[in-house]
Number of protein chains: 2
Amino acid sequence: MSKIDINTKIKNLAKEVVSEIEASKSPKVKLPLRGLSNVFFDEKTQTINLGDKLQTRTFFNVGQAKKFMQTFLIASACKELIATGKTTSIRDLYYMTKHTIGETKENTFDDQTESDPIIEDLEVGIDALREELHLFASNRGALVGNITIEDSGDTIDCRKLGSGGWSIPSIVEDHIIKFKKCEAKFILFVEKDAVWRRLNEDKFWKKYNCILIHGQGMAPRGVRRLVRRLTEELKLPIYVFVDNDPWGLYIYSVIKQGSINLAYESKRMAVPTAKFIGLSSFDQEKYKLPKNVTIKLSDVDKKRIKEILAYPWFQKKTWQQELKHMEKQGVKLELEALSAKGISFVSEKYIPEKIKKKEWLE
Amino acid sequence: MSKIDINTKIKNLAKEVVSEIEASKSPKVKLPLRGLSNVFFDEKTQTINLGDKLQTRTFFNVGQAKKFMQTFLIASACKELIATGKTTSIRDLYYMTKHTIGETKENTFDDQTESDPIIEDLEVGIDALREELHLFASNRGALVGNITIEDSGDTIDCRKLGSGGWSIPSIVEDHIIKFKKCEAKFILFVEKDAVWRRLNEDKFWKKYNCILIHGQGMAPRGVRRLVRRLTEELKLPIYVFVDNDPWGLYIYSVIKQGSINLAYESKRMAVPTAKFIGLSSFDQEKYKLPKNVTIKLSDVDKKRIKEILAYPWFQKKTWQQELKHMEKQGVKLELEALSAKGISFVSEKYIPEKIKKKEWLE
């Protein structure tokens with residue numbers, strides 16, 4: 001989506017209100033409802049999506065007037081960011097728009113928990129990602145591999161980034177990040193930076209011709225969006241490699257289907273082609289990992305497994321088997337547990353074999 | 001320190017024990033004591049250091065036999081890592097060395113809280129950083145600026161890394177990371193990645209000819225060691241830019257003096273020349289920041305200020321004034337609060353002015 005589109009959309013939002021004022025009507029703005037009641041799992045696209053229920057925010061309503069004002073304050077600040085070509089954090093935006101109104105003691109925002117949902121309102125309201133509003137989240141995750149990337153005009157050969165790699169920025173839209181020469185045949189997403197480092201040191205990406213990405217735990221927005229673009233534009237398959245515990249599976253599912261909280265983002269963030277290559281709850285027996293590298297499931301883990309078992313996007317027989325086996329075994333496994341079989345077991349045997357034998361879950 | 005030195009040191013540790021066994025003596029190993037009772041602030045070097053008290057770990061002692069075994073198990077695994085030229089995480093090392101002993105039900109390690117202190121013992125025991133033992137911590141932080149770096153044989157021009165930057169690896173010893181052409185005249189360390197991004201987008205490092213680093217909060221080991229090497233080998237001054245709260249000041253002090261817990265690392269991690277350029281508790285009045293961008297100090301904050309006020313390394317008059325003013329004002333300030341003065345206030349006015357007028361604390 002181009003700069004002009006977003007700006008026009010923000011303007012249109014305001015124009016409607018202006019014309020209502022000029023017609024002496026009560027100014028109001030209609031926004032998609034973001035709550036759970038308006039979220040559904042789309043079987044066709046295999047992603048979590050937002051329905052079409054709307055909420056109306058009216059200026060002449062004591063309970064809505066402040067939010068109405070905040071909506072346009074945020075929209076106006078984003079419009080300025082886009083006009084000046086600058087980007088900023090949602091925390092920064094809060095400070096930028098926070099002030100005391102006139103002679104009153106009333107603040108535009110009292111704290112960031114007030115401005116963040118307004119940003120989300122604006123995102124769904126004009127159908128734009130926050131990155132397109134020039135707002136960024138935290139900078140986490142890194143990339144190495146057989147691809148050349150252009151970032152803000154700089155050409156970055158990701159085959160020559162040593163042990164560190166390219167720090168993945170939070171905004172990876174195509175006016176900032178462009179994909180150049182790419183020989184890679186797939187993407188390997190690793191939950192943990194320590195395992196990523198191990199794979200990078202063994203030059204896994206070179207040997208198996210891929211792009212190696214970590215997200216330092218839950219994949220941050222920049223990583224999710226980048227992976228989406230790579231799978232969509234370069235048609236690369238992606239394998240997700242996470243701990244065998246409910247949290248690892250959740251990281252996988254957020255990459256693949258999107259999340260309930262931010263359902264409206266799925267259509268530009270979710271990667272429905274993502275494949276789960278491990279760790280599987282069957283791996284301990286399969287690879288004869290010593291029993292003492294397993295960790296007992298806590299009560300919280302067990303509760304979470306039950307929740308995940310009930311999600312519509314985990315209803316396939318294979319997934320139910322995977323989860324129920326974890327429950328039955330009563331233990332979880334960390335990626336690092338594979339090191340009990342040797343330091344390079346993960347890069348020389350586990351992953352290559354899983355991919356070769358197509359041992360993944362979808 | 002070269003590969004051979006560390007390997008020799010590990011061997012010598014073992015040789016002593018072997019000769020004790022051969023002489024039918026009780027095998028023991030002497031290690032520096034790491035507790036608070038052996039930590040002191042060295043006024044001369046202005047760093048937190050370890051004293052020379054020793055502890056003895058004896059094999060024929062029921063309370064020490066397991067730790068004795070663990071010490072050599074970890075030492076042996078590190079020796080193998082060094083020999084094969086591979087690196088790994090401390091979590092990985094735990095899994096690599098964890099096994100059940102013979103026919104017993106006794107594990108070498110029950111969990112990682114047992115192996116981590118043994119690694120620290122070994123570090124002080126043979127006077128090596130854990131990075132020299134080929135162990136890495138988490139990969140956090142990024143760098144851009146007027147410097148070319150060689151990382152694992154790849155040449156990285158840090159002037160051409162776009163919005164993302166070079167992800168700083170955890171191990172930055174000189175056999176992996178080498179400094180090439182550097183025009184930069186100073187280092188700016190920023191606590192927060194969002195502010196780093198803002199500064200990078202404004203090409204602050206280009207305009208003011210510097211290296212721009214963030215640590216995503218508390219500077220991780222890789223960042224601390226890298227900064228130490230840059231200041232020492234390239235004689236670059238470093239300015240530290242953190243939130244005005246006790247936690248920000250603590251981040252600064254760990255970079256500068258080291259930490260109490262890891263006092264033995266100070267001699268290779270601390271950067272005694274580090275200068276604090278903000279935020280200062282006097283900045284709100286000085287820059288006429290609106291009152292409503294300040295945040296009230298919590299009880300925990302107040303308690304922490306009192307602790308910091310008592311640290312020997314915060315006894316200078318200027319520091320006492322700074323801290324007491326924060327206490328008196330009763331508020332803290334985040335880096336992002338500067339955005340209330342405009343989105344690029346931080347890059348165009350605040351930092352350049354502070355550096356130019358030498359308004360820092362040491």
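Throughout, read-outs are computed from the coordinates displayed, never taken from laboratory work. What you see is a predicted model; the values in this text were computed from it and never measured. Heads up, the Cβs are rebuilt from the backbone with ideal geometry, glycines too, and the neighbour counts pull from every protein chain shown.
Treat the count of other C-beta atoms within 10 Å as a stand-in for reagent exposure and order A:PHE345, B:PHE68, B:PHE204 from fewest to most.
Values: A:PHE345 15, B:PHE68 18, B:PHE204 24.
Exposure proxy ranking, most exposed first: A:PHE345, B:PHE68, B:PHE204.
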Q.
Output needed: percent of Cα pairs per 10 Å distance bin for chain A, bins running from 0 to the one holding the longest distance.
A. 5, 22, 28, 23, 14, 6, 2, 0
Q. Measuring from a point 7 Å out along Cα→Cβ, what nm distances, shortest first, does A:GLU233 have to its partners in the other copies?
A. 3.6
Q. Considering the Cα trace of region B:3-136, what is its radius of gyration and what is Dmax, both in angstroms?
A. 15.6, 54
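Sorted from fewest to most neighbouring beta carbons within 10 Å, what does the list A:TRP247, A:TRP205 look like?
Ordered by Cβ neighbours within 10 Å, fewest first: A:TRP247, A:TRP205.
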**Q.** Among A:95-108, B:121-134, the order from most to least packed when residues are scored by Cβ within 10 Å on average
**A.** B:121-134, A:95-108
Q) Which Cβ of chain A lies nearest the axis of the rotation superposing A onto B, and at what whole-Å distance? A) A:SER167, 2
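Sort B:VAL254, A:VAL17, A:VAL190 so that the residue with the fewest other Cβ atoms within 10 Å of its own Cβ comes first and the one with the most comes last. Kindly include the intermediate steps, with their values, before the conclusion.
Values: B:VAL254 23, A:VAL17 18, A:VAL190 26.
In order of increasing Cβ crowding within 10 Å: A:VAL17, B:VAL254, A:VAL190.
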(Q) Students often get this wrong, so check it: of A:LYS9/B:LYS203; B:LYS185/B:LYS358; A:LYS206/B:LYS86; B:LYS235/B:LYS275; B:LYS9/B:LYS267, which have C-alpha atoms separated by over 20 Å? (A) A:LYS9/B:LYS203
Q) For region B:237-331, which trypsin sites (Lys or Arg not before Pro) are in a loop by DSSP, counting at most 10 other Cβ atoms within 10 Å? A) B:LYS288
Q: Could you size up the charge dipole of chain A around its Cα centre, putting +1 on the beta carbon of Lys and Arg and -1 on that of Asp and Glu, and report it in debye to the nearest 20?
A: 1160 debye
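Per the helix-only calculation at 222 nm, which mean residue ellipticity applies to chain B, given -39500 (n - 2.57) for every DSSP H run of n ≥ 4 and division by its residues, nearest 500 deg cm²/dmol? Display every interim value, and only then the final one.
Values: 13 runs with 140 residues, N = 362.
Result for chain B, helices only: -11500 deg cm²/dmol.
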Q: Report P(r) for the protein assembly as shown: all Cα-Cα distances, bin width 10 Å, range 0 to the bin holding the largest distance, values in whole percent.
A: 3, 13, 21, 24, 22, 12, 4, 1, 0, 0, 0
Q: Could you grab the relative contact order for chain B? Cα pairs under 8 Å, six or more apart, rounded to a whole percent.
A: 14 percent
Q | Formal net charge of residues neighbouring B:GLU265 (Cβ-Cβ distance under 12 Å; K, R +1; D, E -1) | A | +3
Q) Could you give, in nm with one decimal, how far B:ASN61 is from each other copy of that position, shortest first, with labels 7 Å out from Cα toward Cβ? A) 7.4
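For B:LYS302, what charge total do you get from the other residues with a beta carbon under 14 Å from its beta carbon, if Lys and Arg give +1 and Asp and Glu give -1?
Here the count lands on +2.
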Q: Find every distance from the label point of B:SER298 to the corresponding label point in the other copies (7 Å from Cα along Cα→Cβ) and write them in nm, one decimal, shortest first.
A: 2.0
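Among the trypsin sites (Lys or Arg not before Pro) within region B:160-228, which fall in a DSSP loop and have no more than 16 other Cβ atoms within 10 Å of their own Cβ? Don't skip to the end; give the middle numbers.
Numbers: sites: B:LYS160, B:LYS178, B:LYS180, B:LYS181, B:LYS185, B:LYS192, B:ARG197, B:ARG198, B:LYS203, B:LYS206, B:LYS207, B:ARG221, B:ARG224, B:ARG225, B:ARG228; in loops: B:LYS160, B:LYS185, B:LYS192, B:LYS203.
Passing both the DSSP loop test and the Cβ count: B:LYS160, B:LYS185, B:LYS203.
Rounded, prolate or oblate for region A:255-362? Axes are the square roots of the Cα gyration tensor eigenvalues, ordered a ≥ b ≥ c, and the cut-off for rounded is a/c under 1.5.
Oblate shape, in that a/c is at least 1.5 and b/c is the bigger or equal ratio.
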